[in-house]
1. Would you please name the residue that is least open to solvent (accessible area, probe 1.4 Å), looking only at residues in the stretch 420-434 that are more than 9 Å from the ligand (Cβ to nearest atom) and in a strand (DSSP E or B)?
2. Residue under question is Ala311, and the condition is that it be within 14 Å of the ligand (Cβ to nearest atom), of a type in the set (Gly, Ala, Ser) and either free of Cβ contacts under 8 Å to residues at least 40 places away in the same chain or touching a strand residue (DSSP E or B) at 6+ places or on another chain (Cβ under 8 Å) (or both); does it hold?
3. Residues of the stretch 509-523 being at pLDDT 90 or above and surrounded by 16 or more Cβ atoms within 10 Å (Cβ to Cβ), which ones?
4. Is there a residue in the stretch 480-499 that is assigned by TED's automatic domain parsing to the domain that holds Ile519, open to solvent by less than 10 Å² (accessible area, probe 1.4 Å) and within 16 Å of the ligand (Cβ to nearest atom)?
5. Is it the case, given these coordinates, that Pro371 is open to solvent by 60 Å² or more (accessible area, probe 1.4 Å) and within 14 Å of the ligand (Cβ to nearest atom)?
6. When only residues in the stretch 153-174 that are free of Cβ contacts under 8 Å to residues at least 40 places away in the same chain and touching a helix residue (DSSP H, G or I) at 6+ places or on another chain (Cβ under 7 Å) count, which is surrounded by the most Cβ atoms within 10 Å (Cβ to Cβ)?
7. Working only within the stretch 272-301, note down all residues that are over 15 Å from the mean Cα position of the chain (by Cα), open to solvent by less than 30 Å² (accessible area, probe 1.4 Å) and either within 13 Å of the ligand (Cβ to nearest atom) or not hydrophobic (A, V, I, L, M, F, W, C) (or both).
8. Assigned to a strand (DSSP E or B) and crowded, with 22+ Cβ neighbours inside 10 Å - does that describe any residue in the stretch 438-449?
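The values are calculated or read from the model by the stated rules, or taken from the named source; none is laboratory data. Computed from a predicted structure; not experimentally measured. In this analysis, Cβ positions are derived from the backbone assuming ideal geometry, glycine residues included, and neighbour counts consider all displayed protein chains. Heads up: the accessible areas ignore ligands, DNA and RNA and are worked out on the full protein's heavy atoms, side chains in. Shrake-Rupley method; radii C 1.70, N 1.55, O 1.52, S 1.80 Å.
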Amino acid sequence: MRNHTVEVDLSRGENVLKFAPVFNVAFSFIDRHLWDGRADKVAIRTNRGVEVTYAELAENVNRCGNALLDMGIGHGERVIMIVKDCAEFFYCFWGAIKAGLIPVPVNTLLRHKDYAYILADSGCAAVIYSPEFADEVEMALDQLETRPTHCLRVEGEDISLQALIAAADPELEPTPTTAEDDCFWLYSSGSTGSPKGAVHRHRDMVVSSQFYGVQVLGVRETDVCFSAAKLFFAYGLGNGMTFPLWVGATSVLYDDRPTPESTFEIIEQFKPSLYFGVPTLYAAQLKALESESRDLSAVRLCVSAGEALPANIFSRWREKTGLAILDGIGSTELLHIFISNRVDDINPGSSGLMVPGYEARIVNEVGEPVPAGESGKLWIKGDSTARCYWNKPEKTTETMVDGWLDTGDTYLQDKQGYYHYCGRNDDMLKVGGIWCSPFEIEATLIKHPKLLEVAVVGRTDAAGLIKPEAHIVLHNPQDAGDPLSAELLALCKQNLAPYKYPRWFQFVSELPKTATGKIQRFKLRS
Ligand code: 3UK
């Protein structure tokens, strides 16, 4: 086999990917398109009017890879990316991979204390950030004992990533890695502890693009993909980058906050054929559609993930737009969706059927399979699973066992074979499709001197989606009321990512507890 190539063998109904012994995945997603005659095809269009062809993409990836190497970053060293959705995200991610470095895209909504943790944990050689996030990133850098050697803005300074890219050599040979070598990391939040870096290999993006992207979504060269979920999420990374690049399609990037208005405008202007959202956004878009009509005629299929899509959002969306939403469950550790509905087989309210190339086991407390129709813990096996969590051997041993991954979810498989989400096995919440730890919110609220105790739990809103609610016991019950709620909200805004704010503050006289004094969260959930 030629170096850096992968063969897809779908014969005998098997899903087999054969990787060349020398395999750097940047070739498959970037350089291959020049050989396949796509040099002049547009790979990226942005809301700032930028258009990048596959030839320009390949050149800028090379330039960026060389710029990173010229900085002296060594093989396997990490490059933290706190970067908005823009063309440079692609250049930096693929340039690093092609140069044998490890890009680590990070959630751009986080606060300085989260960044300080991630910068230290990753032991990164460089951090690259969009100027929009400079305040939080620079506060984080000030907290570190040792700063990364290179701290660089994407644009807007004399020495920026953009300037280095422009000055660098446009030729770069792929570093000779293998399909099993570490390629990139993605951080995922932990319930009590700190974020965990999931270490992904060169093969992983090929697996998710081929098995879910091609075989389930049917993504093809003529598609235009728009993901409201940002590239720093594994979900957005697949939707908005790896799937279109796998088949030589076009990706539309939007660099601001996805609101119903902004996403509709992007859809009307750029006419994507595939639209990727999260349930919270579909619910907000449905609300907007009550008082305005929008042209979604270019879209052939909508996709939802991040949290379960309530059946009523599916049916109202279909009624209003005539479009189906394909719900599927994925995770950072598995990189993308592993159980999904199918275009011709949608079971609203369910996650659907296994994606080819993945296996599931639903087991009881002692690890034995439960009968159909009964719920249990969902374990998944598949070739896109992260190799480990960085620096967290115990978490790795607990979660990744003999090639199986503990998703932390409770699921049941019905008699027809469809999988149904039944909740989490931990206290973690998914809010707007993003992880949210109740303990982190509690730790912020309890800093207020008037609070004696607090418990945060998920509460289902009118659309059937989970949002955080704080149950609060005060030293002096007379302090309860709207002014204190406003102070608590302000405290959260200083310390937490926006999606983590409690939407309700309930002042209560006591919290339900066990005999040993542990808060009974299930009694507070509603
Ligand atoms: C929950 C869902 C029910 C579930 C993700 C698509 O969400 C993604 O990754 P995360 O690591 O979270 C994983 C957890 O989120 N979940 C996600 N999708 C669904 N629950 N129905 C769904 N459709 O608890 C899962 O364990 O943030 C989603 C693609 C890539 C991803 N990383």
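1. That would be Val431.
2. Yes: the conditions hold for Ala311.
3. Correct list: Leu511 only.
4. Yes; the residues of the stretch 480-499 include at least one that is assigned by TED's automatic domain parsing to the domain that holds Ile519, open to solvent by less than 10 Å² (accessible area, probe 1.4 Å) and within 16 Å of the ligand (Cβ to nearest atom).
5. Against the criterion (open to solvent by 60 Å² or more (accessible area, probe 1.4 Å) and within 14 Å of the ligand (Cβ to nearest atom)), Pro371 does not qualify.
6. Step by step, filter the stretch 153-174, then rank; the result is Arg153.
7. Answer for the stretch 272-301, where residues must be over 15 Å from the mean Cα position of the chain (by Cα), open to solvent by less than 30 Å² (accessible area, probe 1.4 Å) and either within 13 Å of the ligand (Cβ to nearest atom) or not hydrophobic (A, V, I, L, M, F, W, C) (or both): Pro272, Ser273, Tyr275, Tyr282, Gln285.
8. No, because not a single residue in the stretch 438-449 is assigned to a strand (DSSP E or B) and crowded, with 22+ Cβ neighbours inside 10 Å.
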